[in-house]
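Read the structure below first, then the notes.
Read the figures in this text as sums done on the coordinates, not as results from a lab. These numbers were taken from a predicted model, which means no experiment stands behind them. Because the Cβ atoms are built from the backbone with ideal geometry, glycine has one as well, and the counts that use them run over all protein chains shown.
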Amino acid sequence: MDRLHRLEAVQTMLLEIGQLSTTASDITEFIRAVHRELGRIMYAANFYVALQDREDGTVRFVYFVDELDATPDPEERVTLASADESPTAWVILNRRRLVMTASEHETRAWGLGSTAEHWVGCPLLDQHHQTFGAIVIQSYDKEHTYGDEDIALFTQIANYVSVALQGLQSMDRLERAVQERTAALAHEVAERARAEAVQHALYQIANLSAGRAGDAETLSASLHRIIAELIAAPNFLIALYHPETQEISIPYFVDEKDASAPVKRFRYGAGMSSYVLARKQAMLHDRASYLKLLEAGEIVEPHGSTDICSWMGAPMLVHEQPYGVIIVQSYDPAIVYTQADLDLLAFMASHVAVAIARMMADRAIRKAKERLEQQNAALETALRQLEEAQSEMVRQEKLASLGRLVAGVAHEINTPLGICVTATSHLVQELKLTREELANGEMTEDSLGQFFDIVDQSLRIMTTNTQRAAALVRSFKQVAVDQSSDEIRSFNLRTYLDEVLLSLQPKLKGRPVKVEVDCPKEVRMESHAGAVSQIVTNMVVNSLVHGFEHEQAGKIRISAHLDDEDHVVFDYSDDGVGMDEDTLAKLFDPFFTTKRGTGGSGLGAHILYNLVTGALGGTVRVVSSPGLGLHYHLRFPRNRREQQEAALAE
């Protein structure tokens, strides 16, 4: 009857093992339940299970209950002993059951564990009949030993436990994998969040450097706020290095003990800021190491409180060029900075340095740009004034500005005008005296006659000198050109050339210079007639003044015809003295002349060039050599009106 009850208990136990294998979520919990059930059918005061990791050759005693030996850590991995050193290792390595008594244990001289009166160990085998552990039951009491039936039952139970543990190990491995993956994901999420926070901080720093954050105090406060989002920074300092003066300034200072920075500016070499800058590397210190630096004299003239718990400083460097230091410190023992914090601060400091360098470069560029803009504005103003002056001089030679620029002309015009002013002033004075005589009744026939003589003489003086001044002005009117007021009209080119040359006969008269014209009579232009007139006039006058001596005979040739693109090809040449390369290069410069004192104004060729390229919308080339005369080659559109309308349409 006892045997039947025991068989029922064994059957129940095996069913329990099967159910536990499906419901238990933890290997230790499962083995504890097996131990509890095993104790109902046999003596199990000492019981343990060891699981092997074949990859690294270690075992873990995941469950261990023993009356004599200490319980090992279930998570501790120990190297599997050899089969001669441990009965547990013998079972695992030989993949066979081992049963021994105390005498057999002492005979084998096992070196590990206490000697049991009776020891039974069975291997835990997987489906490939490979060992993954051992299950052991033992007794230190001579009254409790195991018979053959107990050993057979224990072996059977070991087989059931093997099957159940394989499933649980798979679940355990899966859970471990899930936990490890979850932990990895959590770490990855944390790292990603941290990276995003750093990226956001860098973005904010970049925005500060790209925008105009205002003064240094506002910028530094923004940097403190950005860095404080990543690192606990209740005490924060920014120091800027000024290489030009070898000084360090403190534009921003926040401290729990000091309301303001002990010094706002100090020499380079003093304080922890200089210490960090000199070494050009980030530094982390606690109170002991900080005090050690002070005692060693490595920190000269420390500023602020030295009662710190944790301190770190990072230099702001760009290509080894120092811009300053960022310092964060803690007086609270609960806030202790780590190497990771220092690395992050150094990383941020490097980006802050780049931002500062960029802002300084931007500031320098803005100042340079402002200076350039001012200089450009001044140059544009000067150029505009010069152009206006030149235009005015070209347009109205009678103005005093032209007289100031053309040597000698101003004096010649000012002289007659000065005489007129003097005569006018004298006449005004005489008129005043005559009125006083008339008012006082002192007017006589002789005094009246004298007054009339003075008036007559003054008027003659003024008339003579004003005529002289007018003549001087008229002598320069040939260079007065107003392109903007010259309207486009239709005219026959050959007829118009003849009219212009006819108007120049007074200048050609008496000179042995002949003018030949070769131009088809059917060429009709829609252009600026005044520009054509002025160009031809300037060419002829320049030839007479510069190309030929007064009595020198010569020939001027003018030819014009239309090309395939409806452009007028206009050639003008003389066989005068010509000019060298240096003179030819300056031909079109304003006020350049080789005969300043003999009537040359230096504006004729300049006006010619402007009229061809401006009013007529064409091009001009000139060729000359000493003794070979001068040759102008002009090309301009026949219909200037049509060309301008087409340009406006585009």
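Applying the Kirkwood pairwise sum to the alpha-carbon positions of segment 480-649 produces a hydrodynamic radius of 16.5 angstrom. Taking Cα centre as origin and charging only the Cβ of basic (Lys, Arg, +1) and acidic (Asp, Glu, -1) residues, the dipole magnitude of segment 2-177 rounds to 440 debye. Considering only the Cα atoms of segment 158-202, their convex hull presents on average a projected area of 2.6 nm².
The calculated FRET efficiency for Arg181 paired with His129, based on their beta-carbon distance and R0 = 41 Å, is about 0.85. Of the peptides 375-388, 259-272, the order by per-residue mean of other Cβ atoms within 10 Å, starting with the highest, comes out as 259-272, 375-388.
P(r) tail, segment 211-365: Cα-Cα pairs separated by more than 26 Å, 19% of all pairs.
Could you name the aspartates and glutamates whose alpha carbon sits less than 20 Å from that of Lys257, not counting residues in the same chain fewer than 8 places away? Cross-link targets: Glu217, Asp286, Glu301, Asp307, Asp332. Excluding same-chain neighbours fewer than eight residues apart, the aspartates and glutamates reachable from Lys264 by a Cα-Cα span under 12 Å are Glu247. Contact order, relative form, for segment 523-650: 31 percent (alpha carbon pairs under 8 Å, 6 or more residues apart, mean separation divided by residue count). Hey, what angle do you get for helix 529-542 against the long axis of the chain, alpha-carbon based, 0 to 90 degrees rounded to 10? Compared with the principal axis, the helix lies near 70 degrees. Peptides 217-224, 538-545, 322-329, ordered by how many other C-beta atoms sit within 10 Å of their residues on average, highest first, read 322-329, 538-545, 217-224.
Using alpha carbon centroids, what distance separates segment 249-304 and segment 605-650, in Å? Between the Cα centre of segment 249-304 and that of segment 605-650, the gap is 75 Å. Counted by Cβ distance under 14 Å from Leu634, the other residues give a net charge of +3, where Lys and Arg count +1 and Asp and Glu count -1. Note on Lys555: lysines with a C-alpha under 16 Å away, same-chain residues under 8 apart excluded, are Lys507, Lys509, Lys514. Taking 0.36 nm per residue of separation and subtracting the Cα-Cα distance, full extension of the segment from Gln199 to Glu551 would add 117.8 nm.
Based on C-alpha pairs under 8 angstrom that are at least 6 apart in sequence, segment 2-177 has a relative contact order of 22 percent. Dipole magnitude for the chain: computed about the Cα centre from +1 point charges on Lys and Arg Cβ and -1 point charges on Asp and Glu Cβ, it is near 2720 debye.
Each peptide in 345-355, 91-101 gets a packing score, the mean of other Cβ atoms within 10 Å over its residues, and the list from highest to lowest is 345-355, 91-101. If you take the Cα centroid of segment 80-108 and the Cα centroid of segment 484-522, the two points sit 134 Å apart. For the chain, taking Cα atoms only, Rg and Dmax work out to 56.8, 185 Å respectively. Choose one of Gln204, Pro262, Val612: the residue whose Cα lies farthest towards the positive end of the charge dipole of the chain (beta-carbon charges +1 Lys, Arg; -1 Asp, Glu; about the Cα centre). The Cα lying farthest towards the positive end belongs to Val612.
Farthest toward the positive end of the dipole of the chain, out of Ser222, Ile308, Gln130, is the Cα of Ser222, where the dipole comes from beta carbon charges about the Cα centre. Compared with the dominant Cα axis of the chain, that is its longest principal axis, helix 640-649 is turned about 20°.
What angle do you read, to the nearest 10 degrees and between 0 and 90, between the alpha-carbon axis of helix 2-23 and the longest principal axis of the chain? Roughly 0 degrees, rounded to the nearest 10. Taking other C-beta atoms within 10 angstrom as a stand-in for reagent exposure, Tyr48, Tyr146 fall in the order Tyr146, Tyr48, fewest first. Taking 8 Å as the Cα distance limit and 6 or more residues as the minimum spacing, I'd like the relative contact order of the chain as a percentage. Once normalised by length, the contact order is 6 percent.
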